[in-house]
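Written below as structure tokens is the structure these notes are about.
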Amino acid sequence: QVQLVESGGGFVQAGDSLRLSCAASGRTFGSYAMGWFRQAPGNEREFVAASGGRTYYADSVKGRFTISRDNAKNTVYLQMNSLKSEDTAVYYCAARYIISPGDMRVRANYNYWGQGTQVTVSS
């Protein structure tokens, strides 16, 4: 069982930056692939970025967002630069075993989810 707690969301202006953090419980953080997803009102939860052997990004954030992890701190980060109003959403952290089958960009392939943190970007 893994518990995930996101932090770092907030209200910013377009062009600003934010860094989200996701702290995981447990002693085997390095065994997990970690992903970030987001959900805007009225939309489905969509993939943003993932890290687990390989790194993936959604086309909409490529070049602006960076996922990183500190296994010693059991934490994964999402550095978000050049934020746009369309980045406004609740951002969720997710975890699954690295060796689990399935595409890391697919939300159904994750077993554990955080409660989410709101990011609002004003234009």
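The values are calculated or read from the model by the stated rules, or taken from the named source; none is laboratory data. The model shown is predicted, which means the values in this text are computed figures rather than measured ones. All Cβ positions, even for glycine, are placed from backbone atoms using ideal geometry, and neighbour counts span all protein chains on display. All accessible areas refer to the heavy atoms of the entire protein, side chains included, with ligands and DNA or RNA removed. Shrake-Rupley method; radii C 1.70, N 1.55, O 1.52, S 1.80 Å.
Residues of the stretch 1-17 being more than 12 Å from CYS93 (Cβ to Cβ) and either open to solvent by less than 30 Å² (accessible area, probe 1.4 Å) or free of Cβ contacts under 8 Å to residues at least 12 places away in the same chain (or both), which ones?
Passing the criteria: GLY10, VAL12.
Going by the conditions given, is PHE65 of a type in the set (Phe, Trp, Tyr), over 26 Å from GLN1 (Cβ atoms), out of contact with any Pro (no Cβ under 9 Å at 6 or more places or on another chain) and open to solvent by less than 10 Å² (accessible area, probe 1.4 Å)? Don't jump to the end; show me each part of the working.
Details: of a type in the set (Phe, Trp, Tyr): yes; over 26 Å from GLN1 (Cβ atoms): yes; out of contact with any Pro (no Cβ under 9 Å at 6 or more places or on another chain): yes; open to solvent by less than 10 Å² (accessible area, probe 1.4 Å): yes.
For PHE65, the condition - of a type in the set (Phe, Trp, Tyr), over 26 Å from GLN1 (Cβ atoms), out of contact with any Pro (no Cβ under 9 Å at 6 or more places or on another chain) and open to solvent by less than 10 Å² (accessible area, probe 1.4 Å) - is met.
Could we say that GLY30 is assigned to a loop (DSSP other than H, G, I, E, B) and either open to solvent by 20 Å² or more (accessible area, probe 1.4 Å) or of a type in the set (A, V, I, L, M) (or both) here? Steps first, please.
On the way: assigned to a loop (DSSP other than H, G, I, E, B): no; either open to solvent by 20 Å² or more (accessible area, probe 1.4 Å) or of a type in the set (A, V, I, L, M) (or both): yes.
Considered against the rule, which asks whether it is assigned to a loop (DSSP other than H, G, I, E, B) and either open to solvent by 20 Å² or more (accessible area, probe 1.4 Å) or of a type in the set (A, V, I, L, M) (or both), GLY30 comes out as no.
Scan the stretch 105-123 residue by residue and report those that are among the hydroxyl-bearing types (Ser, Thr, Tyr), part of a loop (DSSP other than H, G, I, E, B) and open to solvent by less than 50 Å² (accessible area, probe 1.4 Å).
Correct list: TYR110 only.
All but one of (1) open to solvent by 60 Å² or more (accessible area, probe 1.4 Å); (2) not in a strand (DSSP E or B) hold for THR55, so report the exception by its number.
Among (1) open to solvent by 60 Å² or more (accessible area, probe 1.4 Å); (2) not in a strand (DSSP E or B), THR55 violates only (2).
For the list (1) of a type in the set (Gly, Ala, Ser); (2) surrounded by 17 or more Cβ atoms within 10 Å (Cβ to Cβ); (3) at pLDDT below 95, I need the number of the one condition that GLY102 fails.
(2)
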